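Taking it in order: structure first as structure tokens, then the write-up.
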Amino acid sequence: MVRHSSRIELKQSAYKNNINFIRKKIGEGPVFSSVVKANAYGHGIEVFVPMAEKCGIHHFCVASSYEAEQVLKACRDDSQIVIMGILYEEDIVWAIEHGIAFFVYNFDRLPVTLEAAKKAGIRAKVHIEVETGANRTGMNAREFPRALSYLKKHRESLHFEGLCTHFGGAESTSNQFKIDMQHKRYKEFLQKCKEKGLMPQIRHIACSAAALAMKDTVYDMVRIGVAQYGFWPSPDIYFAHIYETNKKSDASLKRIFSWKTDVMDIKEVKPGEFIGYGTAFQATHPMNIAVLPLGYSNGYPRALSNRGQVLIHGKKAPIVGLINMNLFMVDVTHIPSVKVGDEVVLIGRQKNNVINVSSFTNATQLLNNEMLSRLPAAIPRSVVK
Ligand SMILES: *Cc1c(COP(=O)(O)O)cnc(C)c1O
């Protein structure tokens, strides 16, 4: 049985290209950790992770133990996993038993982790996340000396694998003063480690924006999300690159993702007739329309009603009427010989034309990340060369 009415393809060569580009920026030394939270930003953990491994990535960051489990199922035995976000107490033993590292973001988590490590009979891989100015998760400076003493005292059960923080807004040049302050505070934490004689194995603070545009934030590891998927974190980071390389434009980062479906039916519509629900679209001339078998329940934003476009035979076909729950219609009057079963590109390239995620998000006010991460996990993903 065919269980889905659309499909997502990941282009391995584009991914490899992105890795090489980011690698050039960060140098050979640092560990490249691929951030695959939110189902690999919608790309699909199950398919994305093995593809990333083929391209030389062996380190993955996730947001929860549930995602860690998904990566664990998909990855090689020697790949590393770090949980950056929620890890419920009842899952800590599980994480330790599977060699999964995790952020410890307040002091109270340390005794809990110690108990779990003893229960598992295995050393826990602890990444202390410190509070530097995002006021999200992170251990504050007051707790930190006590945490270091605790780690030192219980080093046979607690491995101080990482010291990390996360920038709140490294994408935007106007936040630079805040990012600089966060970095300065991070260095003060590092200094405390030095004074205590207990250094973390891996220092890591850089996300995509920082890794691409702020070289001094690249320590022993970088946590790369959005850029590996081929998206510049923001116009600011793109233009900083343009300025630095003295280029007029740059297509170094390539989208790896395309989203496709097929024509379900073709209709001729007479002038004066309405298309779909209500009166949102009325034909003013004889039209040919194609019916597509997906809608907002399949992740296609309803906000694109009467304004989005798809590609058929390499040509843009405008959406006519409202996006329904499981269907929408496009105008193909200007595209000759469209047939049932013809390929439709919702996002991506077809012949010489392209529909970008940005053309989606401009119309819908969604962030790239928001649009991608909301794509239903049920849509099948596959890798193409
Ligand atoms: C999401 C996330 C990242 C990756 O951010 P990008 O901007 O997508 O590279 C890195 N670190 C943490 C803690 C995150 O939550």
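Within straight-line reach of Lys73, meaning a Cα separation under 22 Å, sit the following lysines at least 8 residues removed in sequence or on another chain: Lys11, Lys37, Lys54, Lys125.
Taking amide hydrogens as placed 1.01 Å from N in the peptide plane, the amide H of Gly162 sits under 5 Å from those of Val126, His127, Ile128, Gln201, Ile202, each at least 5 positions away in sequence or on another chain. Non-local lysine pairs in segment 247-385, meaning eight or more places apart or on different chains, with alpha-carbon distances under 27 Å, amount to 26.
Amide H to amide H distances under 5 Å link Met139 with Glu129, Val130, Glu131, where only residues 5 or more positions off or on other chains count and H is placed in the peptide plane. Using the Cα gyration tensor of segment 11-245, with a ≥ b ≥ c the square roots of its eigenvalues, what is the shape: rounded (a/c below 1.5), prolate (a/b larger than b/c) or oblate (neither)? Taking the square roots of the gyration eigenvalues as a ≥ b ≥ c, segment 11-245 is oblate.
So in the chain, what percent of DSSP beta bridges are antiparallel if you round to the nearest 5? Among the beta bridges of the chain, antiparallel pairing accounts for roughly 50 percent. Close amide-amide hydrogen proximity is noted between Asp342 and Val263, each under 5 Å apart and 5 or more residues distant or on a separate chain (H modeled in the peptide plane; Pro and chain starts excluded). Couplings 3J(HN,Hα) of segment 28-39, computed from phi: 6, x, x, 5, 9, 9, 8, 7, 10, 5, 6, 6 Hz, in residue order, whole Hz [Karplus 6.51 cos²θ - 1.76 cosθ + 1.60, θ = phi - 60°; x for Gly and Pro]. Across segment 297-313, rounded Karplus estimates of 3J(HN,Hα) from the backbone phi angles (6.51 cos²θ - 1.76 cosθ + 1.60, θ = phi - 60°) give 6, 9, x, 8, x, 5, 4, 8, 3, 6, 9, x, 9, 10, 10, 9, 6 Hz, Gly and Pro being marked x.
Quick check: residue separation of Gln201 and Gln176 times 0.36 nm, minus the Cα distance between them. What number comes out in nm?
6.2 nm
Karplus-based coupling profile of segment 258-264, in residue order and whole Hz: 9, 10, 9, 8, 9, 5, 8, with θ = phi - 60° in 6.51 cos²θ - 1.76 cosθ + 1.60 and x standing for Gly or Pro. Along the axis of the charge dipole computed for segment 215-336 (Cβ charges of +1 for Lys and Arg, -1 for Asp and Glu, origin at the Cα centre), the listed residues Val222, Pro235, Leu327 are led at the positive end by Pro235. To the nearest 20 debye, what is the magnitude of the charge dipole of the chain about its Cα centre, counting +1 on the Cβ of each Lys and Arg and -1 on the Cβ of each Asp and Glu? Using only the charged Cβ atoms, the result is roughly 760 debye. Of the residues Tyr105, Phe48, Phe160, the one whose Cα sits farthest toward the positive end of the charge dipole of segment 11-245, with +1 on the Cβ of Lys and Arg and -1 on the Cβ of Asp and Glu, is Phe160. Measuring r between the beta carbons of Glu273 and Ser337 and using R0 = 25 Å, the FRET efficiency lands at 0.65.
Note on Lys152: aspartates and glutamates with a C-alpha under 17 Å away, same-chain residues under 8 apart excluded, are Asp108, Glu115, Glu129, Glu143, Glu161, Glu195. Just need the relative contact order of the chain here, percent rounded to a whole number, with Cα pairs under 8 Å and 6+ apart. Relative CO of the chain lands at 18 percent.
The distance linking segment 214-253 with segment 1-45 is 16 Å (Cα centroid to Cα centroid, whole angstrom). The smallest convex shape that holds all Cα atoms of segment 97-208, its convex hull, gives 94 Å³ per residue. When only alpha carbons are used to place a centre, segment 59-76 and segment 317-385 end up 29 Å from one another.
Around the Cα centre of segment 257-355, unit charges on the Cβ atoms of Lys, Arg, Asp and Glu (plus for the first two, minus for the last two) sum to a dipole of about 280 debye.
Readers should treat all values here as calculations from the given coordinates under stated rules, not as data from a laboratory. Note that the structure is predicted; figures quoted are calculated from it, not measured. Neighbour counts run over all protein chains shown; Cβ positions are idealised from the backbone, glycine included.
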